[in-house]
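Reading through the structure tokens given below for one structure.
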Number of protein chains: 2
Amino acid sequence: MDSAAPQSPAGLRTTPTWLLNQTATHASRLLSEGFAAHDLRGYHYRLLTALAEDGPASQADLGRRCGIDRSDVVAAINDLAGRGLVVRAPDPADRRRNVISITDDGTAEARRLGHTLDRVQRDLLAPLSATERDQLTRLLTRLLAHHSRQ
Amino acid sequence: MDSAAPQSPAGLRTTPTWLLNQTATHASRLLSEGFAAHDLRGYHYRLLTALAEDGPASQADLGRRCGIDRSDVVAAINDLAGRGLVVRAPDPADRRRNVISITDDGTAEARRLGHTLDRVQRDLLAPLSATERDQLTRLLTRLLAHHSRQ
DNA sequence: ATCCGATCGTGGGTCGCACCAACGATTACT
DNA sequence: AGTAATCGTTGGTGCGACCCACGATCGGAT
């Protein structure tokens, strides 16, 4: 992006959807750069964090919790398992399922990724005061809640 | 997404970057659906709007104004020109450039797209009061301004 | 106990958006 | 005159978010 988007059309510059997408793009770029330092991507972070916080789960469950498609979970878990950050084991109670568990290495990596996330967070919200950050968070939370429930 | 993202990991649910990306994803989905009804996409809308508002321009200029890469402008303008919404003509004053102008059909389509955009806007911001919408807009504008200037 | 529908993992795709590299042609700088 | 910068264009890459279809397995109804 760099020197791009110096002056978007007036009809866009004030539209919330445009603003939302632009800031999200910036945030995504920052996140990608941060995660890239760990040689991982957003999907990996979401999955690792979900496992670290809520314990082992099936791939379908992980997908639902993280908002990732089942088929995309497969690939991401493959990566994580290949790195030893996660273990895939058949569920003895339901032979359709795999139980995914985070390893110690995975937990450590998740913690490191968390620090990266925090740093990105601060960079992103740098121009906002603490109360403004809360405001933004609350507004976005409400939007999200409204649009994901039904 | 549908039934997805019912409960994201706690570590994500409150992070602004996550909220931003999620709401932006929702907004993008709404926008895509809206634009799809016109058989167009986001890039087309941005370009058409820029042309409608600020008059004819070279492709490189359009790219800079809309935050679209030069190479992506080529394809989008091809589409628009193929639909007769836009005209591509060589610039007599600078033979490197093409001058892109919007046609009457293009102007009409831009107006229709604008209405779609407005509807999406209202859908997206439905759960927010007028002052809250302003708040959100102002916060996002400040974030964007901070991150695109240097 | 059998059948039917739902669920799971997996592999194969598509699409949109944001980027990058490189080329020939042309223009601007000095 | 010679070099640097710009423009349009082609042809890539990567990420995220989807979709469909398959075989295997499980659950509930009969």
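Annotations for the structure displayed:
- Semi-axis lengths, largest first, of the ellipsoid equivalent to chain A are 33, 18, 15 Å, with √(5λ) applied to each eigenvalue of the Cα gyration tensor.
- Local electrostatic count, B:THR23, Cβ distance below 12 Å [Lys/Arg +1, Asp/Glu -1]: +2
- Evaluating 6.51 cos²θ - 1.76 cosθ + 1.60 at θ = phi - 60° for every residue in segment A:50-65, the Karplus couplings come out as 4, 5, 5, 8, 10, x, x, 7, 6, 5, 5, 4, 4, x, 5, 5 Hz, glycine and proline recorded as x.
- Residues whose amide H comes within less than 5 Å of that of B:HIS38, counting only those at least five positions distant or on another chain, are absent (H built at 1.01 Å from N in the peptide plane).
- Evaluated at q = 0.10, 0.14, 0.15 Å⁻¹, the base-10 log of the normalised Debye intensity for the protein assembly as shown, with identical point scatterers placed on the Cα atoms, takes the values -0.64, -1.08, -1.17.
- Annotation: amide H-H contacts under 5 Å for A:SER58 (H modelled 1.01 Å from N, sequence separation of 5 or more, or interchain): A:ILE100.
- A helix-only calculation puts chain B at -21500 deg cm²/dmol for mean residue ellipticity at 222 nm, using -39500 (n - 2.57) for each DSSP H run of at least four residues, averaged over all residues.
- Computed from phi, the 3J(HN,Hα) profile of segment B:88-96 under the Karplus parametrisation 6.51, -1.76, 1.60 (θ = phi - 60°) reads 10, 9, x, 7, x, 7, 8, 6, 7 Hz, with x in place of Gly and Pro.
- Tilt relative to chain B, helix B:104-125 - C-alpha long axis, 0 to 90 degrees, to 10: 10
- FRET efficiency for A:ARG133 and A:ASP61, using Cβ-Cβ distance with R0 set to 35 Å, rounded to 0.05: 0.65
- Taking the axis that rotates chain A onto chain B, the chain A residue nearest to it by Cβ, with the distance rounded to whole Å, is A:ALA24, 2.
Read-outs throughout are calculated quantities, based only on the coordinates presented, and are distinct from any laboratory measurement. Worth saying up front: this structure is predicted, and the values here are computed from it rather than measured. Positions of Cβ are generated from backbone atoms using ideal geometry, with glycine treated the same way; all protein chains shown enter the neighbour counts.
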